[in-house]
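Asks: I'd like to ask some things about the structure below.
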Protein chains: 2
Amino acid sequence: MPALVEATRSKATRLSDLEVESIEMFINFLRLLGWPKSVGEIYGLLFVSAGPLAMDEIMARTGMSLGAASQGLKLLREFGAVRTVYTPGARKDHYVASGELSRFATSYIEEELLPRMRTAQERIQRMERMMQSLPEYDRQLPAERMDRLKYWLGKGQKVVPWLVKFLKL
Amino acid sequence: MPALVEATRSKATRLSDLEVESIEMFINFLRLLGWPKSVGEIYGLLFVSAGPLAMDEIMARTGMSLGAASQGLKLLREFGAVRTVYTPGARKDHYVASGELSRFATSYIEEELLPRMRTAQERIQRMERMMQSLPEYDRQLPAERMDRLKYWLGKGQKVVPWLVKFLKL
DNA sequence: CGAATCTTTCAATAACAAATGAAAAATTCA
DNA sequence: TGAATTTTTCATTTGTTATTGAAAGATTCG
């Protein structure tokens, strides 16, 4: 039996109330950003962990599968929400939660919200061009709504960079 | 054959480029708030519509089912994103898109984000109490992370009401 | 009132997203 | 180098959410 799987079986200690509380909190928050439950589990566990944890420990404690642990950690690493720490004499990677919680919010804004706002901007331009060829009567209402949309998008574009700066500290 | 279904079949005119553009835009935006595609389709269509549309027209134009149209319109009505207008001599309800786009953002903040922040607040208090019983050494790191979380949550709680006010005009 | 029309509901189905775990790839150690 | 260990990948399975459409419910009109 491979060592990793063996460890997973034998080390399956129950989660403490503290860990459960933390995990639930992050599952809920990260779901808001469209992240799967497994990612919340990993981060929540690491958040209240006294020291770095290896992947097999995360698997054992949460009961999640190899693939979910690997992919979740990869994702969290990419977002800078988790990092590996050097552990002398250890072969496995060991992970700690980064304290930079704002990364979750800012990466959401930068990678989800802002791109969509840019796309919307382009769409609006195309739509206004298309509306030129509508008869005056058909143009009226949509044109008013477009104006409101542009106004609101402009607001968003003003507030978002400010918000990012504010969240980053 | 019921009149509604008959109408649905016969009126299935192709969507204009303008309508497609609008629909795609709103599908993308509303997905961000966790709303299903069908809702984006309805709102996007109404947004560029020159006049009120009845449910069967929405079904015919988008090709969506009776149930999806009914449920989507109900949802949009509840959020105040769509409203019915009086149409003399008409039996069917007729819908228009409300110009109040900020409703989407503010309802998301008020109904999704804020409740979770409140829950998090409670969890944090419980977690701090639980951490009392940890040995000093095990408490150190989690305690630091908790401080950062509290700091960040406090920031969020300050900025959100301000943001809501800003978006509401 | 009662027939016709319109709207909502909801059980069944389809579409989609997440989790699993075996196999491949990469890394480490002797 | 090569055996052991660790990590990643990805086809399959499982679970969740959205859509469908028939039936029930509500409304309108004569």
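The values are calculated or read from the model by the stated rules, or taken from the named source; none is laboratory data. As the structure is a computational prediction, the values presented were derived from the model and not from experiment. Cβ atoms come from the backbone with ideal geometry, glycine included; neighbour counts cover every protein chain shown. Side chains included, ligands, DNA and RNA excluded: accessible areas come from the protein's heavy atoms. Shrake-Rupley method; radii C 1.70, N 1.55, O 1.52, S 1.80 Å.
Asks: So what are the ³J(HN,Hα) numbers for the stretch A:51-63, from phi and the Karplus equation (6.51, -1.76, 1.60; θ = phi - 60°), rounded to whole Hz, Gly and Pro as x?
Replies: x, x, 10, 8, 4, 5, 5, 4, 4, 5, 5, 8, x
Asks: What net charge is computed for the residues neighbouring A:MET64, neighbours being all others with C-beta under 13 Å from the C-beta of A:MET64, Lys and Arg scored +1, Asp and Glu -1?
Replies: Working: positive: A:LYS37, A:ARG61; negative: A:GLU41, A:ASP56, A:GLU57.
Local charge sum for A:MET64: -1.
Asks: Note down the net charge around A:GLY80, summing +1 for each Lys or Arg and -1 for each Asp or Glu among other residues with Cβ under 10 Å from its Cβ.
Replies: Details: positive: A:ARG77, A:ARG83, A:ARG103; negative: A:GLU78, A:GLU100.
Surrounding charge for A:GLY80 is +1.
Asks: Here's something else I'd like to know. Compute the long axis of helix B:37-47 from its Cα atoms, compare it with the longest principal axis of the Cα atoms of chain B, and write down the angle in degrees, 0 to 90, nearest 10.
Replies: The two axes meet at around 60 degrees.
Asks: Another question about this same structure. Return the calculated 222 nm mean residue ellipticity for chain A, to the nearest 500 deg cm²/dmol, obtained by summing -39500 (n - 2.57) across DSSP H runs with n ≥ 4 and dividing by the residue count. It would help to have the intermediate numbers written out before the result.
Replies: Working: 8 runs with 113 residues, N = 169.
Value at 222 nm, helices only: -21500 deg cm²/dmol.
Asks: If contacts are Cα pairs under 8 angstrom and at least 6 residues apart, what is the relative contact order of chain B in percent? Spell out each step's value before the answer.
Replies: Details: 162 pairs, mean separation 28.1, N = 169.
Relative contact order here is 17 percent.
Asks: Let me ask something additional. 5 Å is the cut-off here: which amide hydrogens, built 1.01 Å from N in the peptide plane, fall below it relative to A:LEU134, excluding neighbours closer than 5 in sequence?
Replies: Hits under the 5 Å cutoff: none.
Asks: If a/c stays under 1.5 just call it rounded; otherwise compare a/b with b/c (prolate if a/b is bigger, oblate if not). Do that for the stretch B:102-167, with a ≥ b ≥ c from the square roots of the Cα gyration tensor eigenvalues.
Replies: Working: a/c = 4.66, a/b = 2.77, b/c = 1.68.
Here the stretch B:102-167 falls in the prolate category.
Asks: Which order do B:LEU73, A:LEU141 take by accessible area at a 1.4 Å probe, largest first? Don't skip to the answer; put the middle values down first.
Replies: On the way: B:LEU73 0, A:LEU141 65 Å².
Solvent-accessible surface, decreasing: A:LEU141, B:LEU73.
Asks: Step by step: find N for chain A, compute 2.2 N^0.38 Å, then divide the Cα radius of gyration by it. What's the final number?
Replies: Values: Rg = 22.9 Å, N = 169, 2.2 N^0.38 = 15.5 Å.
Relative to the rule-of-thumb radius for its length, chain A sits at 1.48.
Asks: What percent does the relative contact order of the stretch A:3-97 come to when contacts are Cα pairs within less than 8 Å and at least six residues apart? Show your work: numbers first, answer last.
Replies: Details: 131 pairs, mean separation 26.6, N = 95.
Computed value for the stretch A:3-97: 28 percent relative contact order.
Asks: Between the helical axis of B:66-78 and the dominant principal axis of chain B, each derived from Cα atoms, what acute angle in degrees is found, rounded to the nearest 10?
Replies: Its long axis makes an angle of about 60 degrees.
Asks: Lys and Arg at +1, Asp and Glu at -1: add these up for the other residues within a Cβ distance under 12 Å of B:LYS37 and post the number. Walk me through the numbers on the way to the answer.
Replies: On the way: positive: B:ARG31; negative: B:GLU24, B:GLU41.
Once all neighbours under 12 Å are counted, the net charge is -1.
Asks: Can I ask one more? Using protein chains only and a probe of 1.4 angstrom, how many square angstrom of A:VAL39 are accessible, to the nearest 10?
Replies: 0 Å²
Asks: Give the nm distances, rounded to one decimal, from B:ALA50 to the matching residue in every other copy, measuring between label points 7 Å along Cα toward the beta carbon; shortest first.
Replies: Spacings between copies for this position, smallest first, are 7.4 nm.
Asks: Also: Averaging over all projection directions, find the projected area of the Cα convex hull of the stretch B:3-97 and quote it in nm² with one decimal place.
Replies: Answer in nm², one decimal: 5.8.
Asks: Buried accessible area for the B:A pair, summed, 1.4 Å probe, in Å² rounded to 100? It would help to have the intermediate numbers written out before the result.
Replies: On the way: alone 11640 and 11630 Å², together 18240 Å².
Approximately 5000 Å², summed over both chains.
Asks: Please list A:107-117, A:44-54 highest first by mean number of surrounding beta-carbon atoms within 10 Å per residue.
Replies: Numbers: A:107-117: 14.7, A:44-54: 21.5.
Ranking, from highest mean packing down: A:44-54, A:107-117.
Asks: At 1.4 Å probe radius, can you tell me the per residue accessible area of chain B in Å²?
Replies: Working: 9130 Å² over 169 residues.
Here the per-residue accessible area is 54 Å².
Asks: Put a label point 7 Å from Cα along the Cβ direction on B:LEU153, then list its distances to the equivalent points in the other copies in nm, shortest first.
Replies: 3.7
Asks: Here's a follow-up. Label position 7 Å from Cα toward Cβ: report the copy-to-copy distances for B:ARG129 in nm, one decimal, ordered from shortest.
Replies: 6.2
Asks: Can you compute 3J(HN,Hα) from phi for each residue in the stretch A:141-154, using the Karplus curve 6.51 cos²θ - 1.76 cosθ + 1.60 with θ = phi - 60°, rounded to whole Hz and x for Gly and Pro?
Replies: 4, x, 5, 4, 5, 4, 4, 5, 4, 4, 4, 5, 5, x
Asks: I've got another one for you. Report the Cα centroid-to-centroid distance between the stretch B:102-155 and the stretch A:26-45 in angstrom, as an integer.
Replies: 14 Å
Asks: For B:HIS94, what residues show an amide H to amide H distance below 5 Å, using hydrogens built from the backbone and excluding near sequence neighbours?
Replies: Placed amide hydrogens put B:VAL85 under 5 Å from B:HIS94.
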